[in-house]
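A short worksheet on the structure shown next.
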Amino acid sequence: MNQEKQTYFPTIENVKIAAKAIRKVSTVTPLGHSLRYSKQYDSNIFLKREDLQQVRSYKIRGAYNKISSLSTEQSKKGVVCASAGNHAQGVALSCKLLKIKGTIYMPAPTPNQKVEQVKMFGEDFIEIKLEGDTFDDSYYAAIAECNGLKKTFIHPFNDEKVIEGQATIGLEILEQFDASIDYVFIAVGGGGLAAGLSTVFKALSPNTKIIGVEPEGAPSMSESIKNDKNTELKSIEKFIDGAAVKRVGDLNFAICKENLDDMITVPEGKVCETILELYNKDAIVVEPAGALSISVLDFYAEKIKDKNVVCVVSGSNNDITRTPEIKERALLYANLKHYFIINFPQRAGALKEFVVDILGENDDITYFQYAKKTNRENGSAVVGVQLKSASDLEPLIKKMKQNDFYGDYLNDKPDLFQFLV
């Protein structure tokens, strides 16, 4: 007679054991009150600052808990992981502290800054192998080494010990806050953090609502819960790399579909707005995934009014070279940056006429690509315009059309936009 397999849920006892195991390596991060966000949303907003961990993300918790639990024989054979981000750094530091040899597979295009960061944490205890063009290439190479050499694979999220390690954040929050917590918002990638933390709260603070937050372009947990089965997405938007997975962990899905009170997606542009606001107004540096739990507050503004709210800031490993793209996405989301095909008469003074007579007083040209073709009456240019207010767009387009400059609007044509800009 077949018996249905029971869903694994981490026990509070095992989470406490994990908390003890990681005590020497994991910082008890601050749970700080945000005056700005509390005023903005007329509520009490607290930030759990996992971005202040030594490896600048919560991933050290799960990685160390898993690796420290290995048998003597497993430790001698070594460990393997595949990651180009926070998990790799957590594994690297854990290997060094536990004096266990580790191999870390990363895609060949991984920025050198990330490779050097992993080397710094792991020193002589790790070997980095750049394999393939994508994470999947690295993952399959890592699994092949594990199978061939009988090493232990350290999964970034689909592992009981990893889940229990991430769950320690839940214990800390409840120990740090002496009143009832109404909402906790957490980023969801593979689901390790959401699975662990939600289980702790359901056991110790069952009235707290746990809200998972995903990027709009990578809604793998949302789709899985909607379909009532773990669903692999065909394609994803990879910008929020710390929370962009095609398929969540099987263990994590089974837990999250029972524990999460809601799953919500946030546009990547909104996340970029939050990153810039945190930096400019609070001097807090976060990676895109680290901003997810705060970016969602706009979409929950009515529900969280007068409530006690915790947002888990999951990490701060942001590559400074991405700043121009972050600014661009934020402006596009706010409807302040617009791209057009402009038809210029091929005569002297046409550009001056466009700037003086068409553009508004506060409009700024930020992109201009044009090639004069003498055998044509008109020449097309791709022009990017930044506005001071989103309400300035309609008058601008109206003037373009009235004066025969308007060719096309590119913001709502993603394929053409990517090709031309």
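Read-outs throughout are calculated quantities, based only on the coordinates presented, and are distinct from any laboratory measurement. It should be emphasised that the depicted structure is a prediction, and the values quoted were computed from it without experimental measurement. No Cβ is skipped: glycine too gets one built from the backbone with ideal geometry, and neighbour counts run over all protein chains shown.
In terms of its C-alpha gyration tensor, region 6-115 comes out oblate, because a/c is 1.5 or above while a/b does not outweigh b/c. Compute the acute angle (0 to 90°) between the alpha-carbon long axis of helix 323-333 and the principal axis of greatest extent of the alpha-carbon atoms of the chain; round to the nearest 10°. Its long axis makes an angle of about 70 degrees. Toward the positive end of the charge dipole of the chain, with +1 on the Cβ of Lys and Arg and -1 on the Cβ of Asp and Glu, the farthest Cα among 75, 348, 187 is that of 75. In percent, what relative contact order does region 201-336 have, based on Cα pairs under 8 Å that are 6 or more apart in sequence? RCO, region 201-336: 25 percent.
Would you calculate, for the chain, the mean residue ellipticity at 222 nm contributed by helices, counting each DSSP H stretch of 4 or more residues as -39,500 (n - 2.57) and dividing by all residues, to the nearest 500? When only DSSP H runs of four or more count, the value is -12500 deg cm²/dmol. The protection proxy used here, the mean number of other Cβ atoms lying within 10 Å of each residue, ranks peptides 346-359, 57-70 as follows, highest first: 57-70, 346-359. The C-alpha atoms of the chain define a longest principal axis, and helix 393-402 lies at about 30 degrees to it.
With the convex hull drawn over the C-alpha atoms of the chain, the volume per residue is 179 Å³.
Computed with the Debye formula from one identical point scatterer per Cα of region 247-366, without solvent, the log10 of I(q)/I(0) at q = 0.09, 0.16 Å⁻¹ comes to -0.43, -0.92. Using only the C-alpha atoms, the convex hull of region 71-129 corresponds to 65 Å³ per residue. Using bins of 5 Å that start at zero, the share of Cα-Cα pairs per bin across region 233-293 amounts to 4, 15, 21, 21, 19, 11, 7, 2, in whole %.
Computed from the C-beta positions of residue 74 and residue 40 and an R0 of 45 Å, the FRET efficiency is 0.40 to the nearest 0.05. Under the criterion of Cα pairs below 8 Å and six or more residues apart, the relative contact order for the chain equals 15 percent.
Dipole of the chain computed with +1 at Lys/Arg Cβ and -1 at Asp/Glu Cβ about the Cα centre; of 141, 230, 403, farthest Cα towards the positive end is 141.
Across region 1-85, Cα pairs under 8 Å and at least six residues apart give a relative contact order of 23 percent.
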